[in-house]
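Beneath this line is the structure, given in structure tokens, with notes to follow.
All of the numbers you see were taken from the coordinates with simple rules; none came from a lab. As the structure is a computational prediction, the values presented were derived from the model and not from experiment. Note: ideal-geometry Cβ built from the backbone for every residue, glycine included; neighbour counts use all protein chains shown.
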Amino acid sequence: MTTHQLTGASRAPGALVPRAALVAACLLALAAAGCAGSGRGTGGAGQAPGGSGGLGAAPAATTAPPPGPAPATSRAPQHPGGQTTTTTGAATPSGPQVIYFRVAQQPKCPQGTTVYPVPGQPLVLEWKVSGGHEVALSVDNPGVVGSYGRYPLTGGQDFTFSCGGAPGSTEKHTYTLYTVGGGAQRSRTLTVSAVVYEIGSP
């Protein structure tokens with residue numbers, strides 16, 4: 001090749017410039033395609049199930065243990081409808097009541113001798129009544145209310161005990177207490193006894 005030909009080739013750069021630009025454009029296009037493919041591959045790997053996620057991936061969820069049985073609670077038994085039963089004691093009877101009628105002192109018949117007698121001991125009764133106005137006493141005559149007299153609701157009375165039986169026998173007398181007023185009449189009866197002694201002579 002002659003010098004003239006080389007020089008002429010170098011003077012015609014117009015034919016080389018378009019080819020260089022085309023090559024550069026191709027390289028840029030390949031580089032851009034490669035970057036896009038690389039980005040899609042990375043993203044896909046980050047989304048694969050069970051794979052390693054990216055820096056922003058959420059932590060794996062943990063399963064909480066099942067809750068234990070709830071503590072048992074006790075409830076008072078109820079009737080249908082939610083009503084609670086209330087138990088009450090027996091009703092207090094109305095009207096007068098004899099709380100007590102009793103012997104406070106046992107009687108004794110006289111004993112000893114005609115020279116050295118030992119006096120007898122009277123009978124003592126006591127009582128308590130509620131709800132009435134007063135009480136009535138009967139002695140050896142329970143069919144007649146108050147044959148011995150009437151007294152306050154709470155009190156006592158001495159009775160000379162008759163010992164007219166034979167020596168060695170047992171003397172018995174009956175005493176009845178009646179309520180007076182305040183409602184239906186109530187009564188209580190006591191039978192008291194004592195031994196009759198022989199009175200000796202010197």
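Key figures for this structure:
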{"item": "Nitroxide proxy distance, nm - points 7 Å out along Cα→Cβ at Ile199 and Thr113", "result": "1.5"}
{"item": "Alpha-carbon gyration tensor eigenvalues x 5, square-rooted, for segment 131-177, Å", "result": "26, 11, 7"}
{"item": "Net charge over other residues, Cβ less than 14 angstrom from the Cβ of Leu153 (K, R count +1; D, E count -1)", "result": "+2"}
